[in-house]
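For reference, the structure is listed below as structure tokens.
The values are calculated or read from the model by the stated rules, or taken from the named source; none is laboratory data. Since this is a predicted model, take the numbers as computed values, not measurements. We place every Cβ from the backbone using ideal geometry, glycine too, and count neighbours over all the protein chains shown.
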Amino acid sequence: MSRAETRPVSAPIVIEKIVSGGQTGADRAALDVALELGIPAGGWVPRGRRAEDGRIPDRYEGLREADSDAYRTRTELNVVDSDATLVLAFGPPTGGTALTVEMARGHARPLLILDLEQQPRAEAAASLRRWLAEVRPRVLNVAGPRLSGEPRIATATAAILRAALSGAR
């Protein structure tokens, strides 16, 4: 028997849904990539579909409004309703992104933080793919800074998710 035949075959990564809070930046990039790759998208958003740029567009059909317009409420609901949380940031998480980390830890949910100042995109995508293969979440919560706080985050989030998730259905 050849060496290749003796290696265990790893099961493909199956993401049934990507959720986020619908904010500009990492959240919307995750929803856009999910829709692009044919992965159902959703998550909790503040009452009124509130975001920094106004109302979250209706094209994100899978989003549900929380009973509160507080960002904190939707952040916790998304952490609790997901199997695992991915946080992307340039440097240490701050603000609402740090709150997501705190809540994922507080609810003992698997958490991966990708610091894009420390890891190039290709390396971050490979790290994400390895983590997904290990954790095997069906519902993945994706969070990170809003666009006004980090103008690079949407492009980086989309590129990393595309690279890690292409073929992950």
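Annotation: ASN78 fulfils all but one of (1) under 23 Å from ARG130 (Cα atoms); (2) at pLDDT 95 or above; (3) out of contact with any Asp or Glu (no Cβ under 6 Å at 6 or more places or on another chain); (4) exposed (fewer than 14 other Cβ atoms within 10 Å of the Cβ); the unmet one is (4).
Taken as a whole, the structure leaves SER68 outside the set of residues that are of a type in the set (Gly, Ala, Ser) and surrounded by 18 or more Cβ atoms within 10 Å (Cβ to Cβ).
For segment 115-124, the set of residues classified as in contact with a strand residue (DSSP E or B) (Cβ under 9 Å, 6 or more places away or on another chain), surrounded by 14 or more Cβ atoms within 10 Å (Cβ to Cβ) and free of Cβ contacts under 8 Å to residues at least 40 places away in the same chain consists of ASP115, ALA124, listed by residue number. In the set (1) farther than 20 Å from ALA164 by Cα; (2) surrounded by 17 or more Cβ atoms within 10 Å (Cβ to Cβ), VAL33 fails one condition alone, (1). Only residues that are part of a helix (DSSP H, G or I) and touching a strand residue (DSSP E or B) at 6+ places or on another chain (Cβ under 9 Å) were counted across segment 147-163, and they come to 5. Can you find even one residue in segment 123-140 that is at positive phi and of a type in the set (D, E, K, R)? Yes - at least one qualifying residue is present in segment 123-140. Considering segment 9-27, and only residues there that are farther than 17 Å from SER82 by Cα and out of contact with any strand residue (DSSP E or B) (no Cβ under 8 Å at 6 or more places or on another chain), the residue that is surrounded by the most Cβ atoms within 10 Å (Cβ to Cβ) turns out to be GLY25. Tell me whether segment 42-62 contains one or more residues that are aliphatic (A, V, I, L, M), closer than 23 Å to LEU132 by Cα and modelled with pLDDT of 95 or more. Scanning segment 42-62 turns up no residue that is aliphatic (A, V, I, L, M), closer than 23 Å to LEU132 by Cα and modelled with pLDDT of 95 or more. In the set (1) exposed (fewer than 14 other Cβ atoms within 10 Å of the Cβ); (2) more than 13 Å from ALA26 (Cβ to Cβ); (3) not basic (Lys, Arg), the condition left unmet by THR155 is number (2).
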